[in-house]
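Quick notes on the structure that follows.
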Amino acid sequence: MIVLICLRKWKRMRVINYNLRDRQTPERLLDKIIRIHNTPANSGKLILLVEGKYDVPFYQKFCDMKYVYIHFTEGSEKMDSLVPLLAKRKYEYLAIQDSDFRFWGQQKADYDNLFFTDCHDYEMTCFSDDVFSQVFSDRVMKVYGAPVNYDLIDSDLQLLSCYKACNMVNSLGVSFKLIDKKVTEIPNIDNACIQSNIVGNLQQGYVNGFVKSINNIGQGRYHLHNGHDWLNRICYYLNSNKYVEEEELQELVVSLYSKECFVQTQLYKDIALWESKRRKVWN
């Protein structure tokens, strides 16, 4: 009985936390960022905005943290609303956004000091590097006792990712929260599965054009799939040996991705050019 009560209380607290997060306006988020920025540990540093909590440790690895303060904005929409407010107060900032489906025509914001990941997000940028992909696969085999079949992951996620691309490019407002939770559980992510686990109207025929266009984009899988789905699908196959959560693999990606790989990305080069004219960012 005590366990059940505690569990119910924990679930209620999670709901409250999510609701508070959803109600966090750009103004409140700005106040929070500035409050932390103005502490002795961060005063005078460049503010680097990233989208999500997993982005923070990744970019911390490559930034010179003596000069940079990193804060996540919980998505690109909040970042787009936050930046004009930040600029108005004369704070110097950089913003790094996920490219998402820009390669398929998704409209993204364009403002000063905004940079995009080379591929869909930082995770897929990492996996687009052959050296990293092999190192990651070898480590997974050693730690979890199972291989990573990237072609199989790509095939499993292709239809779902095309649905998401079509939704974003056409601003249809479909919710994928239900299906996202099942990527680690279901054997076949087919049309019937997707249709029964999305909220909104998006027919398969509407996404056929995206399926056909994949091969027209260089390294298409890395621009199409998002890192959360990619890692969660790897979890699906690893879980037959040992239960693995996405956060474990996120930590593994950050620990294994090297500076030698990162300096080859366009993102690194673009910000390196910016810092040569402004102020230090990379370590």
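Is there a residue being crowded, with 21+ Cβ neighbours inside 10 Å and under 25 Å from ALA109 (Cα atoms) anywhere in segment 211-218?
If we filter segment 211-218 for residues that are crowded, with 21+ Cβ neighbours inside 10 Å, which is where we start, we get none.
No; the residues of segment 211-218 include none that is crowded, with 21+ Cβ neighbours inside 10 Å and under 25 Å from ALA109 (Cα atoms).
Scanning segment 244-274 for residues that are surrounded by 16 or more Cβ atoms within 10 Å (Cβ to Cβ) and out of contact with any helix residue (DSSP H, G or I) (no Cβ under 9 Å at 6 or more places or on another chain) gives a single hit, ILE271.
All told, SER161 meets the bar of being under 15 Å from the mean Cα position of the chain (by Cα) and assigned by TED's automatic domain parsing to the domain that holds SER240.
Within the option set ASN232, ASN241, being outside any helix (DSSP H, G or I), touching a residue at least 24 places away in the same chain (Cβ under 8 Å) and in contact with a helix residue (DSSP H, G or I) (Cβ under 9 Å, 6 or more places away or on another chain) holds for one residue only, ASN241.
Here is a check on your reading of the model: is ASP129 assigned by TED's automatic domain parsing to the domain that holds GLN195 and buried (at least 21 other Cβ atoms within 10 Å of the Cβ)? Break it down into steps so the answer makes sense when it comes.
Details: assigned by TED's automatic domain parsing to the domain that holds GLN195: yes; buried (at least 21 other Cβ atoms within 10 Å of the Cβ): yes.
Yes; evaluated as a whole, the condition is true for this residue.
Just to verify a result, which residue in segment 88-118, among those that are among the aromatic types (Phe, Trp, Tyr) and under 18 Å from TYR222 (Cα atoms), is surrounded by the most Cβ atoms within 10 Å (Cβ to Cβ)? Taking the candidates together, the pick is PHE101. Would you list the helices (runs of 4 or more DSSP H) that sit entirely within segment 29-131 and hold 3 or more residues that are at pLDDT 95 or above? Fully inside segment 29-131 and qualifying: 55-60, 122-127. In summary, ASP229 fulfils each of the numbered conditions (1) more than 28 Å from SER137 (Cα to Cα); (2) at pLDDT 95 or above with the single exception of condition (1).
The values are calculated or read from the model by the stated rules, or taken from the named source; none is laboratory data. This is a predicted model, so every value here is computed, not measured. Reconstructed Cβ throughout: ideal geometry from the backbone, glycine too, with neighbour counts over all protein chains shown.
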